[in-house]
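Presented below is the structure to which this report refers.
What follows draws every value from the coordinates through simple rules; no lab data is involved. Given the structure is predicted, the values throughout are model-derived calculations rather than measurements.
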Amino acid sequence: MDEIKVRGRAKINLSLDVLRRREDGYHEVKMIMHQVDLYDEIILKNIEEGIILESDCEYIPTDEGNIAYKAAKLMMEQFGIEKGVHIYINKNIPVAAGLAGGSTDAAAVMIGLNELWGIGAEKEKLMKLGVALGADVPFCILGGAALSEGIGELLTPIEGINEWVVLCKPNISVSTASVYKNLDVENIEKHPDTDKMLTALGNKDLQTVVENLCNVLEPVTEKMHPIVREIKIKMMQYHAFGSLMSGSGPTVFGIYKDYSKAKSAYENLSRVYNQVYLVKTYDGRKIDT
Ligand code: ATP
């Protein structure tokens, strides 16, 4: 095998809680993550040596600054690989959007190179290595839906949902670091009831799931960018069953039980915003590299 294609899917947060700030500066989180079927396509090709990265997206770095580049370097070092790789990223996931676009590219590179180079490492091993690249990388390797704890490295796979999702990213970029900097961890007004959400997911009780959508970073990002709140209001006006900001934002998602309502929301939002997507949730079971 000389070439492999891997999909790196975006995620949304059905809940996001920050429990405390650790002494090392990392935040301890408790989140429910769910993949959606919006994906970057990563094409990996064997070359003699080194790492070459290209992309159709001009906003991401093509050197060591790209987390996918770092992922390839990590795989080479960890498994003593003496070949090189050409990475092409066909970018569909908006950048700096709260959808783990970079993390999922890194995860796809690790999964793909494990296959391309016949390394045969277990998923768990890749997840353990991946956390060195970013807190969301282990989840992106696992895929589907999961409870994420610690700094993102403690993952429990859970039953997901099977619904339509509209994603809308306003034309602003949000740095995750600045949102966490502005979060007053000791004085969070409303924490999500993660256990209630987990029970609801287990019972396939979508009503309770949407009633418990909660992200402690949402008020922080909304304060900096009121447009986030405006989109959420619109999403509900367009008959979303529930709506929330994903990650540190600024992307807002709406969950729709009904395709025709989702499509109409997608069309209405697309008239105003240029990064709007209509996708299904993804449970991680389909094998489609
Ligand atoms: P998260 O939800 O994990 O916080 P995000 O969706 O908010 O992630 P990314 O799309 O991962 O954010 O981008 C964050 C930053 O990382 C951007 O400034 C971007 O330039 C940089 N970056 C490096 N590599 C990539 C990549 N492969 N794809 C996207 N962004 C990348």
Fill in the blank from the handout: Scalar couplings 3J(HN,Hα) for segment 153-167 by Karplus 6.51 cos²θ - 1.76 cosθ + 1.60 (θ = phi - 60°), nearest whole Hz, x for Gly and Pro, are 8, 9, 10, 10, x, 9, 5, x, 10, 10, 9, 7, 10, 9, 10
Exercise for the section: List every residue whose amide H lies under 5 Å from the amide H of HIS191, counting only residues 5 or more places away in sequence or on a different chain, with H placed 1.01 Å from N in the peptide plane. Expected result: none
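Quick one: compute the contact order of segment 164-282, relative version, from alpha carbon pairs under 8 angstrom and 6+ residues apart, as a percent.
Here the relative contact order equals 42 percent.
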Exercise for the section: Specify the angular offset, from 0 to 90 degrees and rounded to the nearest 10, of the alpha carbon long axis of helix 67-79 from the longest principal axis of the alpha carbons in the chain. Expected result: 50 degrees
Handout entry: Translational D in µm²/s for segment 164-282 (Stokes-Einstein at 4 °C, 1.567 mPa s, Kirkwood Rh from C-alpha pairs)
Key = 87 µm²/s
Practice task
For GLN275, enumerate residues with amide H under 5 Å from its amide H, sequence gap 5+ or separate chain, H modeled in the peptide plane.
Solution key: LYS169
Exercise for the section: Return the calculated 222 nm mean residue ellipticity for the chain, to the nearest 500 deg cm²/dmol, obtained by summing -39500 (n - 2.57) across DSSP H runs with n ≥ 4 and dividing by the residue count. Expected result: -9500 deg cm²/dmol
Handout entry: Translational diffusion of the chain, µm² s⁻¹ [Kirkwood Rh, Cα pairs; Stokes-Einstein; 25 °C; 0.890 mPa s]
Key = 128 µm²/s
Completion exercise
Between LEU154 and residues 5 or more places away or on another chain, the pairs with built amide H atoms under 5 Å apart involve GLU149
Handout entry: Relative contact order of segment 3-157, defined on C-alpha pairs under 8 angstrom at six or more residues apart (%)
Key = 28 percent
Problem - Cα convex hull of segment 3-157 - mean projected area over all directions, nm² - result: 8.7 nm²
Completion exercise
Calc'd 3J(HN,Hα), segment 194-207, phi into Karplus 6.51 cos²θ - 1.76 cosθ + 1.60 (θ = phi - 60°), Hz, glycine/Pro = x, comes to 4, 5, 4, 5, 5, 5, 4, 5, x, 8, 6, 9, 4, 4
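Just the number, please: Stokes-Einstein D of segment 110-227 in µm²/s, Kirkwood Rh from C-alpha pairs, 10 °C, 1.306 mPa s.
Calculated translational D: 94 µm²/s.
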Handout entry: Residue-by-residue Karplus 3J(HN,Hα) for segment 177-182, coefficients 6.51, -1.76, 1.60, Hz, glycine and proline x
Key = 4, 5, 5, 5, 5, 8
Exercise for the section: Enumerate the aspartates and glutamates that LYS5 could reach by cross-link, defined here as Cα to Cα under 20 Å, with residues fewer than 8 away along the same chain left out. Expected result: ASP37, ASP40, GLU41, GLU48, GLU49, GLU54, ASP56, ASP105, GLU115, GLU122, ASP283, ASP288
